[in-house]
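*Asks:* Let me begin by handing over the structure; questions about it come next.
We did not get these values from a lab; they are worked out from the coordinates using the rules stated. Note that the structure is a prediction, hence the values are computed from the model and not measured. Neighbour counts run over all protein chains shown; Cβ positions are idealised from the backbone, glycine included.
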Amino acid sequence: MKGNEQGYTGQRRPGGSNNRGFNPGSRDFNEKKKERVITVENYVEEAEDVIREIRQERDREKELTTTKLRNLLALSSDIYNMVVHQNSDKLTEEIKSRIEYLRVRFLYEAGRDEGVRGLVENANLLGVLKNIKGSKKNYILFNRYMEALVAFHRYLGGKD
């Protein structure tokens with residue numbers, strides 16, 4: 001190796017990190033600020049609470065944009081279009097597989113952007129996705145929750 005370059009030692013180099021990797025002091029995705037259980041009766045209020053909490057935190061680096069939020073909604077809307085045209089109340093294996101992939105995409109997007117991470121954690125989106133459990137009704141509720149999150153974000157002055 002040349003100059004100051006060092007091989008991999010498991011330790012970070014000073015100034016060489018973009019702080020997007022694992023941080024032992026940070027909360028894990030399995031830890032939630034508030035366990036959110038959405039129902040037909042409360043999903044709108046829960047969405048409003050989530051967006052208000054995110055807006056109170058107001059960290060420039062962690063700010064969630066409407067565009068990022070709408071991209072998450074677009075991912076779930078593709079599956080929603082398949083679900084509503086299905087006759088059975090039980091989801092097909094293909095749709096269940098797409099929902100699992102949706103969880104992976106939410107994790108990926110949360111890892112890329114602190115604003116998305118705040119939303120995924122505060123809204124308990126991964127937990128809500130896990131609780132769909134092959135039910136058409138539960139997926140439709142999840143998608144409405146996503147739509148409510150987008151609506152409140154925009155209404156409360158979310159930036160583009």
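*Asks:* Going by C-beta contacts inside 10 Å, put 95, 51, 132, 140 in order with the fewest on the left.
*Replies:* Listed from fewest to most nearby Cβ atoms, that is 140, 95, 132, 51.
*Asks:* Would you mind getting me the FRET efficiency between residue 131 and residue 66? Use the beta-carbon distance for r and R0 = 25 Å, nearest 0.05. Mind dumping the intermediate values first?
*Replies:* On the way: r = 26 Å, r/R0 = 1.05.
The pair residue 131/residue 66 has a calculated efficiency of 0.40.
*Asks:* Another question, if that's okay. When a footprinting reagent is the concern and you count Cβ atoms within 10 Å, what order do 92, 39 take, fewest first?
*Replies:* On the way: 92 14, 39 9.
Ascending Cβ contact count within 10 Å gives the list 39, 92.
*Asks:* At a threshold of 8 angstrom on Cα-Cα distance, excluding pairs fewer than six apart, so keeping six or more, what relative contact order does the range 43-155 reach in percent? Mind showing how you got there, number by number?
*Replies:* Details: 106 pairs, mean separation 53.0, N = 113.
That works out to 47 percent.
*Asks:* Could you list 64, 141 so that the one with the fewest beta carbons within 10 Å of its beta carbon is first and the one with the most is last? Walk me through the numbers before you get to the answer.
*Replies:* On the way: 64 24, 141 18.
Fewest-to-most ranking of 64, 141: 141, 64.
*Asks:* My understanding is that a pair violates if its Cα-Cα distance is over 25 Å; which of 96/137; 90/130; 62/136 do that in this structure? Don't skip to the answer; put the middle values down first.
*Replies:* Working: 96/137 13 Å; 90/130 15 Å; 62/136 33 Å.
Where the Cα-Cα span goes over 25 Å, the pairs concerned are 62/136.
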